[in-house]
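Single-structure report; data block below.
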Amino acid sequence: MLDLSIIRQQGRFRVDVTLKAGAGVTALFGPSGSGKTSVINMVAGLARPDQGRIVVDGRVLFDRAERIDVPPEHRRLGYVFQDGRLFPHLSVRANLNFGRDRVPPAERKVEFDAVVDVLGIEHLLDRRPALLSGGEKQRVAIGRALLASPRILLMDEPLAALDANRKAEVLPFIGALSKRFGIPILYVSHSMDEVLTLADTLVLMDQGRMAAIGPTEDLLSRPELRPLTGRWEAGSVIRAKVEAHDSQSGMTVLRFAGGSLVMARNHLALGSTVRLRVQASDVAIALDHPGRVSVRNVLPAKVLSVSHGESGLVDVILECGATQLWAQISSAAQADLNLQPGMDVHAMVKALTIARGEVAKTGGN
Amino acid sequence: MFTLTDLELEALYLSLLVSGWAVAGSLPLGIGCAWLLARRDFPGKTLVDGLIHLPLVLPPVVVGYFLLVLMGRRGVIGSALYDWFGISVAFTWKGAAIASAVIAFPLMVRAIRLSLEGVDRGLEQAARTLGCGPFATFFTVTLPLVMPGILTGVILAFARSLSEFGATITFVSNIPGETRTLPIALYALTQVPGEDAAALRLCVISVVVAFAALMASEILSRRVQARLKG
(Lines give C-alpha, C1' and ligand atoms only; values in the text may rest on other atoms or scores of the structure.)
Protein backbone atom coordinates (compact mmCIF):
# COMPACT_ATOMS: atom_id res chain seq x y z
CA MET A 1 0.00 0.00 0.00
CA LEU A 2 2.53 2.56 1.19
CA ASP A 3 6.19 2.05 0.53
CA LEU A 4 8.53 4.85 1.37
CA SER A 5 12.17 5.53 1.86
CA ILE A 6 12.95 9.16 2.49
CA ILE A 7 15.67 11.40 3.83
CA ARG A 8 15.27 15.06 4.61
CA GLN A 9 17.60 17.41 6.40
CA GLN A 10 15.77 20.10 8.40
CA GLY A 11 18.39 22.35 9.87
CA ARG A 12 20.34 20.11 12.21
CA PHE A 13 17.58 17.57 12.31
CA ARG A 14 17.59 14.65 9.92
CA VAL A 15 14.55 12.58 9.06
CA ASP A 16 15.50 9.20 7.66
CA VAL A 17 12.70 6.68 7.40
CA THR A 18 12.14 3.54 5.39
CA LEU A 19 8.90 1.69 5.92
CA LYS A 20 6.07 -0.26 4.35
CA ALA A 21 2.54 0.07 5.64
CA GLY A 22 -0.29 -2.26 4.68
CA ALA A 23 -4.02 -2.34 5.31
CA GLY A 24 -5.48 -1.17 8.60
CA VAL A 25 -4.07 1.48 10.88
CA THR A 26 -0.34 2.10 11.02
CA ALA A 27 0.66 4.39 13.86
CA LEU A 28 3.78 6.54 13.88
CA PHE A 29 4.51 6.92 17.56
CA GLY A 30 7.16 9.04 19.19
CA PRO A 31 7.73 12.13 21.30
CA SER A 32 7.23 15.63 19.88
CA GLY A 33 10.02 16.48 17.52
CA SER A 34 10.78 12.91 16.51
CA GLY A 35 9.92 13.63 12.88
CA LYS A 36 6.47 12.04 12.67
CA THR A 37 4.71 14.99 11.10
CA SER A 38 7.60 15.55 8.69
CA VAL A 39 7.11 12.03 7.41
CA ILE A 40 3.43 12.42 6.58
CA ASN A 41 3.96 15.90 5.18
CA MET A 42 6.40 14.37 2.74
CA VAL A 43 3.94 11.62 1.88
CA ALA A 44 1.26 14.28 1.26
CA GLY A 45 3.59 16.38 -0.86
CA LEU A 46 3.59 19.36 1.50
CA ALA A 47 7.30 18.92 2.14
CA ARG A 48 9.93 17.61 -0.25
CA PRO A 49 12.43 14.90 0.71
CA ASP A 50 16.07 15.49 -0.19
CA GLN A 51 16.40 11.90 -1.29
CA GLY A 52 14.26 8.85 -1.64
CA ARG A 53 11.11 7.44 -3.07
CA ILE A 54 7.43 7.34 -2.09
CA VAL A 55 5.06 4.79 -3.61
CA VAL A 56 1.38 4.47 -2.76
CA ASP A 57 -0.69 1.67 -4.27
CA GLY A 58 1.98 1.02 -6.86
CA ARG A 59 1.97 4.63 -8.04
CA VAL A 60 5.23 6.53 -7.66
CA LEU A 61 4.48 9.88 -6.03
CA PHE A 62 8.04 10.93 -5.47
CA ASP A 63 11.33 9.68 -6.78
CA ARG A 64 14.35 11.87 -6.51
CA ALA A 65 16.42 9.78 -8.89
CA GLU A 66 13.74 9.85 -11.60
CA ARG A 67 12.78 13.45 -10.86
CA ILE A 68 9.19 12.56 -10.10
CA ASP A 69 7.36 14.86 -7.68
CA VAL A 70 3.59 14.65 -7.99
CA PRO A 71 1.99 17.85 -6.63
CA PRO A 72 -0.24 17.34 -3.58
CA GLU A 73 -3.48 17.92 -5.50
CA HIS A 74 -2.75 14.94 -7.74
CA ARG A 75 -1.64 12.50 -5.03
CA ARG A 76 -5.16 11.52 -3.95
CA LEU A 77 -4.28 11.18 -0.28
CA GLY A 78 -6.59 12.30 2.49
CA TYR A 79 -4.97 14.45 5.16
CA VAL A 80 -6.58 15.13 8.53
CA PHE A 81 -4.66 17.90 10.26
CA GLN A 82 -4.21 18.35 13.98
CA ASP A 83 -6.07 21.68 13.84
CA GLY A 84 -8.90 20.57 11.55
CA ARG A 85 -8.41 23.30 8.98
CA LEU A 86 -12.03 23.48 7.90
CA PHE A 87 -12.76 26.27 5.44
CA PRO A 88 -14.44 28.96 7.56
CA HIS A 89 -16.28 30.52 4.64
CA LEU A 90 -18.04 27.29 3.66
CA SER A 91 -20.81 25.32 5.34
CA VAL A 92 -20.08 21.87 6.73
CA ARG A 93 -21.74 20.35 3.67
CA ALA A 94 -19.59 22.41 1.29
CA ASN A 95 -16.50 21.49 3.29
CA LEU A 96 -17.36 17.81 2.98
CA ASN A 97 -17.91 18.13 -0.75
CA PHE A 98 -14.77 20.18 -1.36
CA GLY A 99 -12.55 17.21 -2.12
CA ARG A 100 -15.33 14.98 -3.43
CA ASP A 101 -16.30 17.43 -6.16
CA ARG A 102 -12.79 17.21 -7.53
CA VAL A 103 -12.84 13.43 -7.90
CA PRO A 104 -14.26 12.09 -11.18
CA PRO A 105 -17.61 10.37 -10.39
CA ALA A 106 -16.34 7.01 -11.61
CA GLU A 107 -13.51 7.07 -9.07
CA ARG A 108 -15.60 7.97 -6.05
CA LYS A 109 -15.56 4.99 -3.76
CA VAL A 110 -16.90 6.64 -0.63
CA GLU A 111 -20.57 7.54 -0.33
CA PHE A 112 -21.57 10.88 1.13
CA ASP A 113 -24.44 9.44 3.17
CA ALA A 114 -22.31 6.62 4.53
CA VAL A 115 -19.64 9.00 5.80
CA VAL A 116 -22.17 11.38 7.32
CA ASP A 117 -23.80 8.40 8.98
CA VAL A 118 -20.62 6.82 10.36
CA LEU A 119 -19.33 10.12 11.69
CA GLY A 120 -22.71 11.18 13.06
CA ILE A 121 -22.60 14.67 11.57
CA GLU A 122 -25.92 14.84 9.78
CA HIS A 123 -27.34 17.52 12.08
CA LEU A 124 -24.32 19.74 11.39
CA LEU A 125 -24.48 19.84 7.61
CA ASP A 126 -25.87 23.34 7.24
CA ARG A 127 -23.76 24.96 9.94
CA ARG A 128 -20.59 26.95 9.60
CA PRO A 129 -17.37 25.52 11.07
CA ALA A 130 -17.12 28.42 13.56
CA LEU A 131 -20.21 27.08 15.35
CA LEU A 132 -18.88 23.54 15.82
CA SER A 133 -17.21 22.10 18.90
CA GLY A 134 -13.64 20.82 18.63
CA GLY A 135 -14.76 17.20 18.35
CA GLU A 136 -17.36 18.02 15.72
CA LYS A 137 -14.79 19.94 13.71
CA GLN A 138 -12.43 16.98 13.69
CA ARG A 139 -15.20 14.61 12.64
CA VAL A 140 -16.05 16.89 9.73
CA ALA A 141 -12.37 17.15 8.82
CA ILE A 142 -12.14 13.36 8.78
CA GLY A 143 -15.25 13.16 6.62
CA ARG A 144 -13.90 15.74 4.22
CA ALA A 145 -10.66 13.82 3.75
CA LEU A 146 -12.52 10.50 3.35
CA LEU A 147 -14.92 11.84 0.72
CA ALA A 148 -12.00 12.67 -1.55
CA SER A 149 -11.74 8.86 -1.94
CA PRO A 150 -8.09 8.80 -0.92
CA ARG A 151 -5.75 5.88 -1.50
CA ILE A 152 -4.55 6.30 2.04
CA LEU A 153 -5.65 8.50 4.91
CA LEU A 154 -2.97 10.52 6.70
CA MET A 155 -3.84 11.68 10.20
CA ASP A 156 -1.60 14.04 12.11
CA GLU A 157 -2.53 13.80 15.79
CA PRO A 158 -6.18 14.47 14.95
CA LEU A 159 -7.14 14.25 18.63
CA ALA A 160 -4.30 16.22 20.18
CA ALA A 161 -6.25 19.47 20.39
CA LEU A 162 -9.25 17.84 22.06
CA ASP A 163 -10.00 17.28 25.72
CA ALA A 164 -10.59 13.76 27.05
CA ASN A 165 -14.35 13.80 26.47
CA ARG A 166 -14.04 14.98 22.89
CA LYS A 167 -11.34 12.39 22.30
CA ALA A 168 -13.65 9.65 23.43
CA GLU A 169 -16.21 11.08 21.02
CA VAL A 170 -13.96 10.88 17.95
CA LEU A 171 -11.73 7.88 18.67
CA PRO A 172 -14.32 5.16 17.93
CA PHE A 173 -15.04 6.69 14.52
CA ILE A 174 -11.45 6.49 13.43
CA GLY A 175 -11.25 2.85 14.44
CA ALA A 176 -14.32 2.08 12.37
CA LEU A 177 -13.16 3.97 9.29
CA SER A 178 -10.36 1.84 8.03
CA LYS A 179 -12.50 -1.30 8.15
CA ARG A 180 -15.69 0.28 6.87
CA PHE A 181 -14.17 2.00 3.85
CA GLY A 182 -11.16 -0.23 3.26
CA ILE A 183 -8.75 2.69 3.33
CA PRO A 184 -5.42 2.27 5.08
CA ILE A 185 -4.59 4.91 7.68
CA LEU A 186 -1.21 6.34 8.58
CA TYR A 187 -1.75 7.79 12.03
CA VAL A 188 0.66 10.09 13.82
CA SER A 189 0.39 10.19 17.58
CA HIS A 190 2.28 10.71 20.79
CA SER A 191 -0.51 9.23 22.87
CA MET A 192 -0.17 5.56 23.75
CA ASP A 193 -3.88 5.41 24.54
CA GLU A 194 -4.71 6.21 20.94
CA VAL A 195 -2.14 3.78 19.63
CA LEU A 196 -3.52 1.00 21.81
CA THR A 197 -7.04 1.62 20.62
CA LEU A 198 -6.30 2.08 16.94
CA ALA A 199 -3.06 0.70 15.68
CA ASP A 200 -2.62 -2.64 13.94
CA THR A 201 0.97 -1.84 13.12
CA LEU A 202 3.19 0.34 15.23
CA VAL A 203 6.17 2.36 14.06
CA LEU A 204 8.34 3.73 16.84
CA MET A 205 10.07 6.96 15.91
CA ASP A 206 13.11 8.34 17.66
CA GLN A 207 14.96 11.49 16.64
CA GLY A 208 13.99 11.33 13.00
CA ARG A 209 14.70 7.64 12.67
CA MET A 210 12.49 4.60 12.70
CA ALA A 211 13.47 2.62 15.80
CA ALA A 212 11.15 -0.36 15.31
CA ILE A 213 8.17 -1.52 13.30
CA GLY A 214 5.81 -4.43 13.93
CA PRO A 215 2.41 -5.55 15.22
CA THR A 216 1.38 -3.30 18.13
CA GLU A 217 1.23 -6.03 20.82
CA ASP A 218 4.60 -7.42 19.82
CA LEU A 219 6.42 -4.11 20.05
CA LEU A 220 4.75 -3.20 23.32
CA SER A 221 5.80 -6.42 24.99
CA ARG A 222 9.46 -6.03 24.07
CA PRO A 223 11.19 -4.72 27.22
CA GLU A 224 14.15 -3.28 25.29
CA LEU A 225 11.74 -0.88 23.52
CA ARG A 226 10.31 0.41 26.80
CA PRO A 227 12.40 3.61 26.68
CA LEU A 228 10.62 4.44 23.43
CA THR A 229 7.14 3.24 24.24
CA GLY A 230 7.32 4.42 27.84
CA ARG A 231 5.90 7.50 29.45
CA TRP A 232 2.45 5.99 29.52
CA GLU A 233 0.92 4.16 32.41
CA ALA A 234 2.99 1.08 32.90
CA GLY A 235 1.21 -2.04 31.82
CA SER A 236 0.97 -4.97 29.46
CA VAL A 237 -0.93 -5.36 26.24
CA ILE A 238 -2.34 -8.78 25.48
CA ARG A 239 -4.10 -10.08 22.42
CA ALA A 240 -6.95 -12.42 23.34
CA LYS A 241 -9.91 -14.21 21.81
CA VAL A 242 -13.43 -14.09 23.17
CA GLU A 243 -14.08 -17.69 24.15
CA ALA A 244 -17.38 -17.75 26.02
CA HIS A 245 -20.05 -15.64 27.64
CA ASP A 246 -21.38 -17.16 30.84
CA SER A 247 -24.74 -15.68 31.67
CA GLN A 248 -24.94 -17.51 34.98
CA SER A 249 -21.79 -16.05 36.48
CA GLY A 250 -22.08 -12.88 34.37
CA MET A 251 -18.54 -13.29 33.11
CA THR A 252 -16.85 -13.37 29.74
CA VAL A 253 -13.93 -15.72 29.21
CA LEU A 254 -10.99 -14.57 27.12
CA ARG A 255 -8.25 -16.89 25.97
CA PHE A 256 -4.72 -15.69 25.34
CA ALA A 257 -1.36 -17.31 24.74
CA GLY A 258 -0.69 -18.22 28.34
CA GLY A 259 -4.06 -19.04 29.75
CA SER A 260 -7.48 -17.50 30.09
CA LEU A 261 -8.86 -14.45 31.80
CA VAL A 262 -12.36 -13.53 32.83
CA MET A 263 -14.00 -10.13 32.98
CA ALA A 264 -17.48 -8.74 33.45
CA ARG A 265 -19.74 -9.95 30.70
CA ASN A 266 -19.67 -7.81 27.58
CA HIS A 267 -21.18 -7.92 24.11
CA LEU A 268 -18.14 -8.86 22.11
CA ALA A 269 -18.76 -11.42 19.40
CA LEU A 270 -17.62 -14.94 20.25
CA GLY A 271 -14.35 -15.75 18.56
CA SER A 272 -13.44 -12.11 17.94
CA THR A 273 -9.96 -10.88 18.74
CA VAL A 274 -9.54 -8.13 21.29
CA ARG A 275 -6.65 -6.20 22.76
CA LEU A 276 -6.49 -6.26 26.53
CA ARG A 277 -4.62 -3.86 28.69
CA VAL A 278 -3.45 -4.74 32.15
CA GLN A 279 -1.92 -1.97 34.22
CA ALA A 280 1.21 -2.97 36.09
CA SER A 281 -0.26 -1.62 39.34
CA ASP A 282 -3.23 -3.97 38.91
CA VAL A 283 -1.06 -7.08 38.98
CA ALA A 284 -0.29 -8.53 42.41
CA ILE A 285 2.15 -11.38 43.01
CA ALA A 286 1.72 -14.30 45.39
CA LEU A 287 4.45 -16.86 46.08
CA ASP A 288 1.92 -19.59 46.81
CA HIS A 289 -1.50 -20.06 45.29
CA PRO A 290 -3.61 -17.58 47.25
CA GLY A 291 -6.48 -20.03 47.66
CA ARG A 292 -9.96 -18.50 47.87
CA VAL A 293 -9.68 -14.83 46.92
CA SER A 294 -12.00 -12.28 45.38
CA VAL A 295 -9.68 -11.72 42.47
CA ARG A 296 -10.96 -13.86 39.59
CA ASN A 297 -7.82 -14.02 37.54
CA VAL A 298 -5.01 -15.97 39.15
CA LEU A 299 -2.40 -17.17 36.67
CA PRO A 300 0.65 -19.33 37.26
CA ALA A 301 3.71 -17.39 36.09
CA LYS A 302 7.47 -17.32 36.14
CA VAL A 303 9.54 -14.31 37.14
CA LEU A 304 11.55 -13.11 34.18
CA SER A 305 13.23 -10.02 35.57
CA VAL A 306 13.17 -7.75 38.57
CA SER A 307 14.31 -4.15 38.43
CA HIS A 308 13.99 -1.14 40.67
CA GLY A 309 12.01 1.51 38.83
CA GLU A 310 11.11 5.05 39.64
CA SER A 311 9.63 6.33 42.92
CA GLY A 312 10.46 3.31 45.05
CA LEU A 313 8.48 0.82 42.95
CA VAL A 314 9.85 -2.45 41.69
CA ASP A 315 9.09 -3.57 38.15
CA VAL A 316 8.63 -7.30 37.80
CA ILE A 317 8.24 -8.91 34.40
CA LEU A 318 6.38 -12.19 34.59
CA GLU A 319 5.96 -14.84 31.97
CA CYS A 320 2.58 -16.51 31.54
CA GLY A 321 3.04 -19.04 28.80
CA ALA A 322 4.10 -17.03 25.78
CA THR A 323 2.81 -13.75 27.19
CA GLN A 324 4.70 -11.26 29.29
CA LEU A 325 2.95 -9.59 32.15
CA TRP A 326 4.27 -6.49 33.84
CA ALA A 327 3.73 -6.05 37.57
CA GLN A 328 4.67 -3.17 39.83
CA ILE A 329 5.11 -3.84 43.54
CA SER A 330 6.42 -1.73 46.38
CA SER A 331 10.05 -2.14 47.43
CA ALA A 332 8.79 -3.19 50.87
CA ALA A 333 6.92 -6.05 49.22
CA GLN A 334 10.02 -6.98 47.28
CA ALA A 335 12.06 -6.96 50.48
CA ASP A 336 9.55 -9.44 51.92
CA LEU A 337 9.06 -11.69 48.87
CA ASN A 338 12.63 -11.45 47.56
CA LEU A 339 11.60 -12.24 43.99
CA GLN A 340 14.35 -13.61 41.79
CA PRO A 341 14.33 -14.40 38.06
CA GLY A 342 13.21 -17.97 37.46
CA MET A 343 10.92 -18.20 40.51
CA ASP A 344 7.47 -19.71 40.04
CA VAL A 345 4.76 -17.41 41.37
CA HIS A 346 1.08 -16.63 40.93
CA ALA A 347 0.02 -13.45 39.24
CA MET A 348 -3.27 -11.95 40.38
CA VAL A 349 -4.80 -9.63 37.83
CA LYS A 350 -7.14 -7.30 39.66
CA ALA A 351 -8.45 -5.40 36.66
CA LEU A 352 -8.21 -5.47 32.92
CA THR A 353 -9.65 -3.27 30.25
CA ILE A 354 -10.33 -3.84 26.61
CA ALA A 355 -8.19 -1.35 24.72
CA ARG A 356 -9.58 -2.42 21.41
CA GLY A 357 -12.54 -4.64 20.72
CA GLU A 358 -14.46 -5.60 17.64
CA VAL A 359 -17.73 -4.27 19.00
CA ALA A 360 -17.57 -2.62 22.37
CA LYS A 361 -14.75 -0.31 23.29
CA THR A 362 -14.62 -0.46 27.06
CA GLY A 363 -14.89 -3.08 29.69
CA GLY A 364 -13.63 -3.93 33.13
CA ASN A 365 -14.21 -6.42 35.87
CA MET B 1 -35.45 72.62 -1.58
CA PHE B 2 -32.69 70.20 -2.38
CA THR B 3 -33.07 69.60 -6.08
CA LEU B 4 -29.70 69.42 -7.71
CA THR B 5 -28.77 71.90 -10.40
CA ASP B 6 -27.42 70.61 -13.70
CA LEU B 7 -23.93 71.65 -12.73
CA GLU B 8 -24.13 69.77 -9.45
CA LEU B 9 -25.59 66.67 -11.07
CA GLU B 10 -22.86 66.71 -13.66
CA ALA B 11 -20.10 67.03 -11.06
CA LEU B 12 -21.65 64.29 -8.90
CA TYR B 13 -22.03 61.95 -11.87
CA LEU B 14 -18.44 62.57 -12.97
CA SER B 15 -17.11 62.00 -9.46
CA LEU B 16 -18.89 58.66 -9.17
CA LEU B 17 -17.90 57.62 -12.71
CA VAL B 18 -14.25 58.52 -12.23
CA SER B 19 -14.00 56.95 -8.77
CA GLY B 20 -15.89 53.84 -9.84
CA TRP B 21 -13.61 53.20 -12.77
CA ALA B 22 -10.51 54.11 -10.83
CA VAL B 23 -11.31 51.41 -8.26
CA ALA B 24 -12.68 48.76 -10.63
CA GLY B 25 -9.80 49.18 -13.04
CA SER B 26 -7.05 48.99 -10.45
CA LEU B 27 -8.54 46.20 -8.30
CA PRO B 28 -7.09 43.19 -10.19
CA LEU B 29 -3.67 44.85 -10.25
CA GLY B 30 -4.09 45.76 -6.59
CA ILE B 31 -4.84 42.15 -5.63
CA GLY B 32 -1.87 41.00 -7.72
CA CYS B 33 0.54 43.46 -6.09
CA ALA B 34 -0.78 42.67 -2.62
CA TRP B 35 -0.25 38.96 -3.28
CA LEU B 36 3.28 39.52 -4.56
CA LEU B 37 4.21 41.61 -1.55
CA ALA B 38 2.54 39.30 0.96
CA ARG B 39 3.60 35.93 -0.42
CA ARG B 40 6.67 36.21 -2.60
CA ASP B 41 10.25 37.15 -1.98
CA PHE B 42 12.05 38.51 -4.99
CA PRO B 43 15.01 40.78 -5.61
CA GLY B 44 13.98 44.42 -5.54
CA LYS B 45 10.91 43.77 -3.41
CA THR B 46 11.64 46.76 -1.18
CA LEU B 47 11.92 48.96 -4.26
CA VAL B 48 8.57 47.76 -5.65
CA ASP B 49 7.01 48.24 -2.23
CA GLY B 50 8.36 51.78 -2.12
CA LEU B 51 7.17 52.62 -5.61
CA ILE B 52 3.65 51.42 -4.87
CA HIS B 53 3.53 53.51 -1.71
CA LEU B 54 5.09 56.62 -3.23
CA PRO B 55 1.80 58.34 -4.17
CA LEU B 56 0.83 58.18 -0.50
CA VAL B 57 3.63 60.54 0.49
CA LEU B 58 4.19 62.59 -2.65
CA PRO B 59 2.22 65.81 -3.16
CA PRO B 60 -0.62 64.85 -5.57
CA VAL B 61 0.46 67.67 -7.86
CA VAL B 62 3.76 65.87 -8.40
CA VAL B 63 1.93 62.67 -9.32
CA GLY B 64 -0.32 64.64 -11.68
CA TYR B 65 2.67 66.24 -13.32
CA PHE B 66 4.40 62.86 -13.78
CA LEU B 67 1.24 61.51 -15.36
CA LEU B 68 1.09 64.51 -17.68
CA VAL B 69 4.69 63.98 -18.72
CA LEU B 70 4.27 60.23 -19.17
CA MET B 71 0.75 59.93 -20.51
CA GLY B 72 0.06 63.25 -22.15
CA ARG B 73 -0.27 63.30 -25.91
CA ARG B 74 3.50 63.79 -26.24
CA GLY B 75 4.48 61.63 -23.25
CA VAL B 76 6.30 58.30 -23.65
CA ILE B 77 3.24 56.19 -22.92
CA GLY B 78 0.68 58.74 -24.12
CA SER B 79 2.15 59.06 -27.60
CA ALA B 80 2.45 55.30 -27.99
CA LEU B 81 -1.17 54.85 -26.92
CA TYR B 82 -2.25 57.48 -29.42
CA ASP B 83 -0.14 56.19 -32.31
CA TRP B 84 -1.09 52.53 -31.88
CA PHE B 85 -4.64 52.62 -30.61
CA GLY B 86 -5.76 56.17 -31.26
CA ILE B 87 -6.49 56.54 -27.55
CA SER B 88 -5.78 59.67 -25.64
CA VAL B 89 -6.49 59.96 -21.94
CA ALA B 90 -5.20 63.51 -21.45
CA PHE B 91 -7.96 65.95 -20.55
CA THR B 92 -10.66 63.25 -20.47
CA TRP B 93 -12.51 61.59 -17.58
CA LYS B 94 -10.46 58.45 -18.27
CA GLY B 95 -7.35 60.45 -17.42
CA ALA B 96 -9.05 61.59 -14.23
CA ALA B 97 -9.77 57.95 -13.38
CA ILE B 98 -6.11 57.04 -13.93
CA ALA B 99 -4.96 59.90 -11.70
CA SER B 100 -7.38 58.82 -8.96
CA ALA B 101 -6.35 55.18 -9.31
CA VAL B 102 -2.65 55.97 -8.91
CA ILE B 103 -3.27 58.15 -5.86
CA ALA B 104 -5.57 55.61 -4.21
CA PHE B 105 -3.55 52.50 -5.17
CA PRO B 106 -1.33 52.31 -2.05
CA LEU B 107 -4.37 52.37 0.23
CA MET B 108 -5.97 49.51 -1.67
CA VAL B 109 -2.81 47.39 -1.76
CA ARG B 110 -2.12 47.93 1.93
CA ALA B 111 -5.54 46.77 3.02
CA ILE B 112 -5.53 43.67 0.82
CA ARG B 113 -1.96 42.76 1.70
CA LEU B 114 -2.68 42.96 5.41
CA SER B 115 -5.66 40.68 4.97
CA LEU B 116 -3.65 38.23 2.84
CA GLU B 117 -0.97 38.02 5.49
CA GLY B 118 -3.66 37.02 7.96
CA VAL B 119 -4.87 34.06 5.90
CA ASP B 120 -3.91 30.70 7.43
CA ARG B 121 -1.61 29.04 4.90
CA GLY B 122 -2.67 25.74 6.40
CA LEU B 123 -6.09 26.17 4.81
CA GLU B 124 -4.45 26.45 1.41
CA GLN B 125 -2.41 23.32 2.12
CA ALA B 126 -5.61 21.55 3.10
CA ALA B 127 -7.20 22.57 -0.20
CA ARG B 128 -4.19 21.24 -2.09
CA THR B 129 -4.42 17.83 -0.40
CA LEU B 130 -8.11 17.76 -1.37
CA GLY B 131 -7.25 17.89 -5.05
CA CYS B 132 -7.35 21.64 -5.63
CA GLY B 133 -4.52 23.09 -7.74
CA PRO B 134 -2.72 26.30 -6.75
CA PHE B 135 -4.79 28.47 -9.07
CA ALA B 136 -8.14 27.01 -8.05
CA THR B 137 -7.05 27.20 -4.39
CA PHE B 138 -6.47 30.92 -4.77
CA PHE B 139 -9.97 31.50 -6.11
CA THR B 140 -11.91 29.07 -3.90
CA VAL B 141 -10.10 29.52 -0.60
CA THR B 142 -7.72 32.48 -0.48
CA LEU B 143 -9.86 35.06 -2.24
CA PRO B 144 -13.04 34.46 -0.21
CA LEU B 145 -10.98 34.66 2.98
CA VAL B 146 -9.44 38.03 2.05
CA MET B 147 -12.82 39.43 1.03
CA PRO B 148 -13.02 41.69 4.10
CA GLY B 149 -9.61 43.13 3.20
CA ILE B 150 -10.61 43.62 -0.42
CA LEU B 151 -13.77 45.37 0.68
CA THR B 152 -11.84 47.67 2.99
CA GLY B 153 -9.32 48.38 0.24
CA VAL B 154 -12.05 49.14 -2.28
CA ILE B 155 -13.86 51.53 0.04
CA LEU B 156 -10.68 53.31 1.08
CA ALA B 157 -9.64 53.68 -2.55
CA PHE B 158 -13.10 54.84 -3.56
CA ALA B 159 -13.19 57.44 -0.81
CA ARG B 160 -9.71 58.63 -1.69
CA SER B 161 -10.72 58.87 -5.37
CA LEU B 162 -13.80 60.94 -4.51
CA SER B 163 -11.60 63.46 -2.75
CA GLU B 164 -8.88 63.49 -5.40
CA PHE B 165 -8.00 67.01 -6.51
CA GLY B 166 -4.33 67.82 -6.98
CA ALA B 167 -3.27 65.07 -9.37
CA THR B 168 -6.49 65.35 -11.33
CA ILE B 169 -6.41 69.08 -11.95
CA THR B 170 -2.72 68.91 -12.86
CA PHE B 171 -3.12 66.00 -15.27
CA VAL B 172 -6.52 66.59 -16.87
CA SER B 173 -7.33 70.14 -15.86
CA ASN B 174 -10.82 71.49 -15.18
CA ILE B 175 -13.07 70.71 -18.13
CA PRO B 176 -16.82 70.99 -17.54
CA GLY B 177 -18.62 67.76 -18.31
CA GLU B 178 -15.36 65.84 -18.72
CA THR B 179 -13.04 66.25 -15.75
CA ARG B 180 -14.86 68.66 -13.44
CA THR B 181 -15.53 66.37 -10.48
CA LEU B 182 -17.02 67.52 -7.17
CA PRO B 183 -13.80 68.82 -5.58
CA ILE B 184 -12.76 70.59 -8.76
CA ALA B 185 -16.18 72.17 -9.25
CA LEU B 186 -16.08 73.29 -5.62
CA TYR B 187 -12.63 74.79 -6.08
CA ALA B 188 -13.78 76.63 -9.20
CA LEU B 189 -16.77 78.07 -7.34
CA THR B 190 -14.65 79.35 -4.50
CA GLN B 191 -12.62 81.31 -7.03
CA VAL B 192 -15.73 83.25 -8.14
CA PRO B 193 -16.99 86.07 -5.86
CA GLY B 194 -20.59 85.75 -4.64
CA GLU B 195 -20.90 81.95 -5.17
CA ASP B 196 -20.69 81.06 -1.48
CA ALA B 197 -24.15 79.48 -1.37
CA ALA B 198 -23.43 77.28 -4.41
CA ALA B 199 -20.08 76.28 -2.92
CA LEU B 200 -21.77 75.34 0.36
CA ARG B 201 -24.28 73.18 -1.52
CA LEU B 202 -21.40 71.27 -3.16
CA CYS B 203 -19.79 70.84 0.26
CA VAL B 204 -22.99 69.27 1.59
CA ILE B 205 -23.21 66.96 -1.41
CA SER B 206 -19.59 65.87 -0.90
CA VAL B 207 -20.20 65.15 2.76
CA VAL B 208 -23.35 63.14 2.01
CA VAL B 209 -21.66 61.05 -0.69
CA ALA B 210 -18.59 60.36 1.45
CA PHE B 211 -20.71 59.47 4.45
CA ALA B 212 -22.95 57.17 2.41
CA ALA B 213 -19.90 55.36 1.07
CA LEU B 214 -18.53 54.85 4.59
CA MET B 215 -21.87 53.59 5.90
CA ALA B 216 -22.26 51.20 3.00
CA SER B 217 -18.78 49.81 3.57
CA GLU B 218 -19.42 49.36 7.26
CA ILE B 219 -22.63 47.43 6.63
CA LEU B 220 -21.08 45.33 3.88
CA SER B 221 -17.97 44.42 5.81
CA ARG B 222 -20.06 43.48 8.82
CA ARG B 223 -22.04 41.12 6.60
CA VAL B 224 -18.92 39.57 5.12
CA GLN B 225 -17.39 39.12 8.57
CA ALA B 226 -20.58 37.51 9.81
CA ARG B 227 -20.51 35.10 6.88
CA LEU B 228 -16.94 34.07 7.65
CA LYS B 229 -17.64 33.57 11.33
CA GLY B 230 -20.73 31.50 10.70
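Values as computed for the structure displayed
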read-out	value
Subset of region B:98-151 [of a type in the set (Lys, Arg) and touching a helix residue (DSSP H, G or I) at 6+ places or on another chain (Cβ under 6 Å)]	B:113, B:128
In region A:64-85, the residues that are within 8 Å of chain B (Cβ to nearest Cβ) and either part of a loop (DSSP other than H, G, I, E, B) or surrounded by 19 or more Cβ atoms within 10 Å (Cβ to Cβ) (or both)	A:71, A:72, A:73, A:75, A:76, A:77, A:78, A:79, A:81, A:83, A:85
Matching residues, region A:253-287, being open to solvent by less than 40 Å² (accessible area, probe 1.4 Å), free of Cβ contacts under 8 Å to residues at least 60 places away in the same chain and part of a strand (DSSP E or B)	A:253, A:254
Total residues in region B:116-127, condition facing chain A (nearest Cβ under 7 Å), open to solvent by 10 Å² or more (accessible area, probe 1.4 Å) and either aliphatic (A, V, I, L, M) or within 30 Å of residue B:218 (Cα to Cα) (or both)	1
Region A:118-158, subset polar (S, T, N, Q) and under 23 Å from residue B:131 (Cα atoms), residue nearest to the other protein chains (Cβ to nearest Cβ)	A:149
Meets criteria (over 24 Å from the mean Cα position of the chain (by Cα), open to solvent by less than 50 Å² (accessible area, probe 1.4 Å) and free of Cβ contacts under 8 Å to residues at least 60 places away in the same chain) for residue A:119	no
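The values are calculated or read from the model by the stated rules, or taken from the named source; none is laboratory data. The structure displayed is predicted, hence computed values, not measured ones. Note that we place each Cβ from the backbone using ideal geometry, even for glycine, and neighbour counts take in every protein chain shown. Surface areas here come from the heavy atoms of the whole protein model, side chains and all, with no ligands, DNA or RNA. Shrake-Rupley method; radii C 1.70, N 1.55, O 1.52, S 1.80 Å.
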